[in-house]
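Just below is one structure, and these are the notes that go with it.
The values are calculated or read from the model by the stated rules, or taken from the named source; none is laboratory data. Since we're looking at a predicted model, the values are computed, not measured. Cβ sites come from the backbone with ideal geometry, for glycine too, and all protein chains shown count toward neighbours. For accessibility, only protein heavy atoms count, side chains too; no ligands or nucleic acids. Shrake-Rupley method; radii C 1.70, N 1.55, O 1.52, S 1.80 Å.
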Amino acid sequence: MTLNHLITTSIFFFRFNGKITNVKEYGNGHINKTFLIETTENRYIYQIINSYAFGDVEMLMRNINIVTKHLANHGSTTLEVVKTFDGANYYSDKLHYFRMYTFVEDTVCYEEINDLSLVKKTGEAFGDLHVKLSTLDPKLIFEIIKDFHNTPIRYKNLMKAVKENSFGRLDSCKEEVEYLTKQKDGISQIIKGIENKTIPMRITHNDPKINNVLFDKNDGSVKCVIDLDTIMPGSCLYDFGDALRSLFTGDNEDSEDLSKLKVNKEIYQAYLEGYASRMKNDLTRREKELLPMSIYIIAIELACRFLEDYLKGDVYFHVSKKAHNLLRARTQIALAKDVIENLDELNKITKKVLEK
Ligand code: ADP
Ligand code: GN1
Ligand code: MG
């Protein structure tokens, strides 16, 4: 079935305004298939939800409904689900799952940011999100992808894929597997902190990639944090590390030029200043200690995930070129190495900012 056919046979179940004038693929997400729909009256985002990644779409959309209501009640601009004529949050033809959002207008979505004032605003936005989500009852939120950020489990999954080598790709990634094998001991620190209760479970975004933030095109403020699919209980350290990982990686997540994968201390400081302005008094001692290290941990976790997917034949992340997931794993490894090189400096900046 072509994408066009999938759209035309599903979209009229949704309660949108106007007549459709244009449909085109949109954005650079790695998980869902996203389309921009233009009608004579409004613009919409239409998505084919990746049901391989999100096994229980009913619960996924239930989470989103709860979270968006909570955020709107706390004064945030957030995603607005367009319902079907049956009053549901999604439509399924039994094989595929579709949903529609209103398009958040007058915004810009970046793949890379170099302007430090925007970086600081991004830190403030994720700090605000953590503060707002702290009043949402965690029991209401379903763990949509089990162990999504459990780095030791991601490591074990990679080792299983290495053992199975089901696509015969192991020879092409021996060096990467060897490097990741040596990181086994350093990657458990957040999970150990959660287990011994020095790191609290909070409700977090879990995918704070920079293209999941929409900035107001007029004044540069953060208008809306999007991609709420993975909002679930977790550690704020994974969000902190992942946002910086994404800011440092920028547009180079699948670049072959590994020299571009560098820690930028100014970006680190600006993001931390923004985040700390909202969350400093809530962070535990252990959370503060692990802020710089969280970037290394999430980079290794993502390298394990990309490499696992490469070894399994690219079943999870969208790919568009040869060895795409292997290239992605390499960029995360290069970044992880640079975080370790710069750890002392990052620790100094952290102390300075948090003591202010
Ligand atoms: P994925 O899970 O595949 O990353 P996203 O939900 O992040 O999918 O959507 C992909 C892209 O579509 C985003 O990076 C953003 O550019 C755009 N997008 C998604 N939702 C909206 C929205 N409601 N308004 C404007 N742009 C959006
Ligand atoms: C995916 O969906 P997207 O493109 O915003 C992934 C993240 C990864 C990211 C790497 C649900 O994010 O965990 O960090 O790719 N999302 C999911 O680019 O797996
Ligand atoms: Mg996204």
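In this entry, the chain is assigned a mean projected area of 18.1 nm², taken as a quarter of its C-alpha convex hull surface.
For the range 230-275, chymotrypsin sites (Phe, Trp or Tyr not before Pro) are listed when DSSP marks them as loop and at most 16 other Cβ atoms sit within 10 Å of their Cβ; the list is empty. Split the accessible area of the range 1-150 by element, probe 1.4 Å, and carbon with sulfur accounts for 50%. Accessible surface calculations at 1.4 Å, restricted to protein heavy atoms, place the chain at 46 Å² per residue. Note on LEU354 and ALA72: the extension gain reaches 98.5 nm, defined as 0.36 nm multiplied by sequence separation minus the Cα-Cα distance. Each of ASP344 and TYR26 was given a label point 7 Å from its Cα along the Cα-to-Cβ line. The distance between the two points is 4.9 nm. Taken along the Cα-to-beta-carbon direction at a fixed 7 Å, the label points for LEU95 and PHE12 span 1.9 nm.
All Cα-Cα distances of the range 3-105, cut into 5 Å bins from zero to the largest, leave 2, 12, 23, 26, 22, 11, 4, 0 percent in each bin in turn. A simple spin-label model places the labels of ASN218 and ASN4 3.9 nm from each other, with each point 7 Å out along Cα-to-Cβ. Relative to the current alpha-carbon distance between LYS262 and LYS182, full extension at 0.36 nm per residue lengthens the span by 26.7 nm.
Charged side chains reduced to their Cβ positions (Lys and Arg at +1, Asp and Glu at -1) give the range 3-105 a dipole of some 40 debye around its Cα centre.
Can you tell me how much longer the chain between GLU164 and ASN114 gets when fully stretched, taken as 0.36 nm per residue apart minus their C-alpha distance, in nm with one decimal?
Contour length minus the Cα-Cα distance gives 13.9 nm.
Could you work out [θ]222 nm for the chain from helices alone, using -39500 (n - 2.57) per DSSP H run of at least four and dividing by all its residues? Round to the nearest 500 deg cm²/dmol.
Dividing the helical sum by the residues of the chain leaves -14500 deg cm²/dmol.
Percent of C-alpha pairs per 10 Å bin in the range 222-356, short distances first: 12, 40, 34, 13, 2.
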